[in-house]
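Scroll down for the structure; my scribbles are underneath it.
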Amino acid sequence: MNVISLPAILELNIDLTDEQFFELCQKNRGLRFERTARGDLIIMPPTGSETSDRNAELTYQLRAWSRQNGRGKSFDSSGGFRLPNGAQRSPDASWVTIERWNRLTQEDKERFAPLCPDFVVELMSPNDSLEKTREKMQEYTENGAKLGWLINRQQKQVEIYRPHQEVEILQSPETLSGEDILPGLVVDLAPIW
């Protein structure tokens, strides 16, 4: 049997409509897909178990806060969003205010919501490119995210993205605050590191 060796993350220029992209994602649930604003298709393999475990912890902490707070909806890494620039992205964890969520139609909610989350988290896995992940974080901020965290476990570093501000870099923080965007959210990073 011949095995084809492909890069960990594959980027292809394929012309797909939003409907075709949605169908591709639905028919290939074992893979993660995103599209850039230029329309390039990004194919990502499932993460390893270690990254998945830590991502579940992030999602759990965000969901617990969101349920108590009631001010918005939280999403895991399988939730897709169609950003204003046309890119279709799936942050590792994200949150949208309830007001913005309630303005969407039911069809919009069942597909890739046509908005950028207010808050996004990207947890780097060993296959991720730091440069590409930073570009994605900038894209979220440029498209309306009010707060973003890029968590780099290998370097025990967090980059915090806010609109119209320089990226803040924290070395080995014990916790992260949702600031005034997610008031009262404090994420414990001990289980993430």
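The values are calculated or read from the model by the stated rules, or taken from the named source; none is laboratory data. These numbers were taken from a predicted model, which means no experiment stands behind them. So basically every Cβ, Gly included, is an ideal-geometry build from the backbone, and we count neighbours across all protein chains shown.
Below, the figures for the structure above:
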read-out	value
Top-ranked residue in region 76-98 [being among the polar types (S, T, N, Q) and outside any loop (DSSP other than H, G, I, E, B); ranked as farthest from Ser177 (Cα to Cα)]	Gln88
Long-range neighbours under 8 Å by Cβ, at least six apart or interchain, first residue modelled with pLDDT under 95 within region 102-122, second of a type in the set (A, V, I, L, M, F, W, C) and not in a helix (DSSP H, G or I)	Phe112/Phe81
Hey, Trp101 assigned to a helix (DSSP H, G or I), of a type in the set (Phe, Trp, Tyr) and either surrounded by fewer than 21 Cβ atoms within 10 Å (Cβ to Cβ) or on the phi < 0 side of the Ramachandran plot (or both) or not	yes
Positions within region 145-181 being farther than 16 Å from Thr133 by Cα, in contact (Cβ under 8 Å) with a residue 12 or more places away in the chain and not basic (Lys, Arg), in sequence order	Pro163, Leu170, Gln171, Ser172, Pro173, Glu174, Thr175, Leu176, Gly178, Glu179, Ile181
Residue that is out of contact with any Leu (no Cβ under 7 Å at 6 or more places or on another chain), touching a residue at least 40 places away in the same chain (Cβ under 8 Å) and not hydrophobic (A, V, I, L, M, F, W, C), where the choices are Gly48, Gly70	Gly48
Selected residue (criterion: farthest from Ala190 (Cα to Cα)) from residues of region 52-84 that are surrounded by 16 or more Cβ atoms within 10 Å (Cβ to Cβ) and among the acidic types (Asp, Glu)	Asp76
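Listed here are the residues, each with its yes/no results for (1) closer than 25 Å to Gly48 by Cβ; (2) buried (at least 17 other Cβ atoms within 10 Å of the Cβ); (3) within 18 Å of the chain's Cα centre (by Cα).
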| position | (1), (2), (3) |
| --- | --- |
| Thr105 | no, no, no |
| Val121 | yes, yes, yes |
| Asn127 | yes, no, yes |
| Gly178 | no, yes, yes |
